[in-house]
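These notes concern the structure reproduced below.
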Amino acid sequence: MPESVPPTYGAVFLSYASQDAEAARRIAHALRASGLEVWFDQNELVGGDAWDQKIRRQIRECALFVPIISAATQARTEGYFRLEWRLADQRTHLMGRNKAFLVPVCVDQTPDAGADVPDSFLAVQWTRLPGGETPPSVAEHVRRLLTGGGATQPRATAPALTAPRLADAAPAVAGNSVAVLAFANLSNDAENEFFSDGISEELINVLVRVPSLKVSARTSAFHFKGRNTPIPEIARQLGVAYVVEGSVRKAGDRVRITAQLIKAADGFHVWSETFTRDLKDIFAVQDEIAGLIAKSLSLTLGAANRAVREVNPAAYRLFLEGRTIFNREVPSEYDRAIQCYRQSLEIDPESALTWAWLAMIYGMSAGSGMMSIAKGNQLAREAAQRAIALDPDLAKGHMALAFIELLYGWDWKKAADLLDRASTLAPGDSDTVGLIAHLASITGRPDRSVPLARKAVELDPLNYFSNYALARSLGFADRFDEMEKQAEHMVTLNPAGLRSRLFLSLARLLQGRADESAQAAEEVPAGWARLTALAGARFAQGRIAESEAALEELKEKDGTHAAYQVAQVHAFRGEIDLAFAWLEKSYQMRDSGTALLKCDPLLRNLRSDSRWLPFLRKMNLADEQLHE
């Protein structure tokens, strides 16, 4: 074992939630392998006063405190790790501002904006280590901090430490292509972080309406927030020729926005301008900036060039707060997002954009079991229809209603018409392209769904859900080896994502590699996805009793909202009658998964049964219905 750092340098304390134990173990191993002393030992997590006092003493005495942040810590509002964080935060109040002590590490794509962490954690640069994979450069940086040769730096200026770059997902760069990076928040109030993010995101939403312009979607563009990544490298990873960056300073109801368009190939600033406006005119400013970008690229705004309405500052603030919560995609927070949108609409009931986002969050809430499917479907449909009535030219309204139709309405012609309209209004919107790919999968057109899903990934290469849609499309096309590779890429994007591990397990199962499928299933986070994967993999291994136990637990715990997954397992196991019985339950409860049955490879054992075609007809998915 390498020699540890001399005691005068102190030790590194790792603080983590239990769900992140594996990532914490990888970080501890990498630091220890570099000769650093790390206080991390799962075996000591036994509780009791003596253990509690030991932890408190270690936090008082450690040289560096490393809080591990993830979707798991975001979802947990209580836990011993939160006490550890509070104690470390309190210790910083006794330190000079330049003292290196906090080294926050994020092990997935959890955004720092709005993160549920002490303020002191947000004041310094985060290190992002997906899955806890720790390159030597990070260990060396920690060593420099311990020996006084480095310092944690303020968020605005610090260069980010990251794991090795993700593999390229974007093709060759198109000339008319741009990424809008997250604008820097220069306001005194840290709460305005979501406001500056909102400005950037709304600019993206304006630009996607420009014909012939490829616009990198929000998730991928915002991946670089808070990092000192060179512009050429950002452009390379996103597959764009130009980058827009800027800053926002908000004071009361006045806002000052500085934006600049940069050519990635040579760093040339095509233009730079500062706009000072009343907040009520914020939409007009966004259109003005978009117009300058389009003009610089010899394009015209086209459908984007339309009248804009004034904004109520209080309503807009609530709208942006709701969307920030929505973008975190944490089901337990959906109620708060709904509250923000509804409070915004109480102030400004004519905002079509807010109604559209409210429709989306209602649909997501129902799909995640946070409210009943019937209630979520009704509220989402009403909100989307209200958005379209207020602004027939708002692409997001048509997309929201199509989303609800795909989940719960199952009127495929109506969904196609809505998506066609949304695509006309915003041809570069990655979410719309992804839903069109999803509809192609539903209706049995993998020949269309795969290239469309690839286009969605091209527009948003670092978006976990775009990559998930591509993995699903490849599976429905019976391209299981490619599905497996795509699932492996999803794991690098979001190691904690349940769909990445689930699809990795299913891809191996469908290739007949039962043991490897079971291994991946064991790594799926707890819940319906893990039980579904285990039930299938254990059956394929011949461990029938374990498969049965997982299936029964799935029925007991998740049968009210995961009936389709129960049907999948029964079908894979060749239990045809039970599979059709659970498909009927799925149909009756309007389980959104039911829409996927036509090309689902897990249901292939049902296709020769006399009940298959009548069920397809009930879902409006028989070939003769789709070609009418």
Any residue at all in the range 558-575 that is charged (D, E, K, R), open to solvent by 30 Å² or more (accessible area, probe 1.4 Å) and assigned to a helix (DSSP H, G or I)?
no
Can you name the residue in the range 88-106 that is under 30 Å from the mean Cα position of the chain (by Cα) and part of a helix (DSSP H, G or I) and, of all such residues, is nearest to TRP51 (Cα to Cα)?
ALA88
For ASP278, state whether it is surrounded by fewer than 19 Cβ atoms within 10 Å (Cβ to Cβ), at pLDDT 80 or above, among the acidic types (Asp, Glu) and farther than 30 Å from ARG76 by Cβ.
yes
Just the residues that are among the aliphatic types (A, V, I, L, M), more than 17 Å from GLU37 (Cα to Cα) and touching a helix residue (DSSP H, G or I) at 6+ places or on another chain (Cβ under 8 Å), please, taken from the range 110-149.
ALA113, ALA115, VAL117, LEU122, LEU129
In this structure, does LYS618 turn out to be farther than 30 Å from GLU22 by Cα, touching a residue at least 12 places away in the same chain (Cβ under 8 Å) and either open to solvent by 20 Å² or more (accessible area, probe 1.4 Å) or under 26 Å from the mean Cα position of the chain (by Cα) (or both)?
yes
How many residues does the range 244-275 contain that are surrounded by 18 or more Cβ atoms within 10 Å (Cβ to Cβ), β-branched (Val, Ile, Thr) and more than 30 Å from ASN312 (Cα to Cα)?
1
Give the residues of the range 333-349 that are assigned to a helix (DSSP H, G or I), of a type outside the set (Asp, Glu) and surrounded by fewer than 19 Cβ atoms within 10 Å (Cβ to Cβ), sorted by residue number.
ARG336, GLN339, ARG342, GLN343, ILE347
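Residue-wise test of (1) of a type outside the set (Val, Ile, Thr); (2) part of a loop (DSSP other than H, G, I, E, B); (3) over 28 Å from ILE234 (Cα atoms).
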site: SER466; (1), (2), (3): yes, no, no
site: ALA469; (1), (2), (3): yes, no, no
site: ALA496; (1), (2), (3): yes, yes, no
site: ARG501; (1), (2), (3): yes, no, no
site: SER505; (1), (2), (3): yes, no, yes
site: LEU509; (1), (2), (3): yes, no, yes
site: ALA518; (1), (2), (3): yes, no, yes
site: ALA521; (1), (2), (3): yes, no, yes
site: GLU548; (1), (2), (3): yes, no, yes
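Okay, residues lined up against (1) open to solvent by 20 Å² or more (accessible area, probe 1.4 Å); (2) assigned to a strand (DSSP E or B); (3) modelled with pLDDT of 80 or more:
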{"site": "THR157", "(1), (2), (3)": "yes, no, no"}
{"site": "ALA167", "(1), (2), (3)": "yes, no, no"}
{"site": "PHE194", "(1), (2), (3)": "yes, no, no"}
{"site": "SER212", "(1), (2), (3)": "yes, no, no"}
{"site": "LYS225", "(1), (2), (3)": "yes, no, yes"}
{"site": "ALA235", "(1), (2), (3)": "no, no, yes"}
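The values are calculated or read from the model by the stated rules, or taken from the named source; none is laboratory data. Everything numeric here is computed off the predicted structure, so don't read it as measured data. Quick reminder, even Gly has a Cβ in these numbers, built from the backbone with ideal geometry, and neighbours come from all protein chains shown. Heads up: the accessible areas ignore ligands, DNA and RNA and are worked out on the full protein's heavy atoms, side chains in. Shrake-Rupley method; radii C 1.70, N 1.55, O 1.52, S 1.80 Å.
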